[in-house]
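The values are calculated or read from the model by the stated rules, or taken from the named source; none is laboratory data. Worth saying up front: this structure is predicted, and the values here are computed from it rather than measured. Here the Cβ positions follow ideal geometry from the backbone for every residue, glycine too, while neighbour counts run over all protein chains shown. Accessible surface areas use protein heavy atoms only, side chains included; no ligands, DNA or RNA. Shrake-Rupley method; radii C 1.70, N 1.55, O 1.52, S 1.80 Å.
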Amino acid sequence: MNLRTALGLVFSRARRRAKLTQEDFEPTSPRTYISHLERGLSSPTVDKLHELAEVMHVHPASLIFQAYLAYDKETTALDLMAIIMADLKKSELQE
């Protein structure tokens with residue numbers, strides 16, 4: 001599975017958990033775009049991901065985080081959080 005497909009899968013699951021249809025995103029994006037996104041045919045920009053996540057009342061970083069977990073089945077959520085925390089620590093030291 002590639003990363004775009006993983007994000008589409010995560011997005012689709014989040015949408016269904018929120019009990020939303022693809023049409024519920026119409027003010028933000030057409031149904032065809034949502035369909036392409038969920039099938040891994042399109043990748044959202046950061047701004048678009050933010051808008052779509054707001055409709056579902058989830059944080060866009062959560063969608064990205066879950067997509068990386070789906071993409072790399074060998075990495076656990078705790079492993080990925082440790083990597084992110086180490087990256088944050090490095091970036092804080094460089095400021």
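Observations, loosely collected:
- In the range 28-40, the residues that are more than 17 Å from A70 (Cα to Cα) and either in contact (Cβ under 8 Å) with a residue 24 or more places away in the chain or under 11 Å from the mean Cα position of the chain (by Cα) (or both): T28
- If the condition is being closer than 26 Å to R16 by Cβ and modelled with pLDDT under 95, then the range 76-95 contributes no residue at all.
- Qualifying residue in the range 55-73 (condition: without any contact (Cβ under 8 Å) to a residue 40 or more places away in the chain, buried (at least 17 other Cβ atoms within 10 Å of the Cβ) and in contact with a Pro (Cβ under 6 Å, 6 or more places away or on another chain)): no
- A search for C-beta distances below 7 Å between a residue of the range 1-16 that is under 17 Å from K73 (Cα atoms) and any residue that is aromatic (F, W, Y) and open to solvent by 80 Å² or more (accessible area, probe 1.4 Å), counting only pairs 6+ apart in sequence or on different chains, returns M1/Y71; L3/Y71; A6/Y71.
- Count of the range 74-90 residues which are polar (S, T, N, Q) and open to solvent by 50 Å² or more (accessible area, probe 1.4 Å): 1
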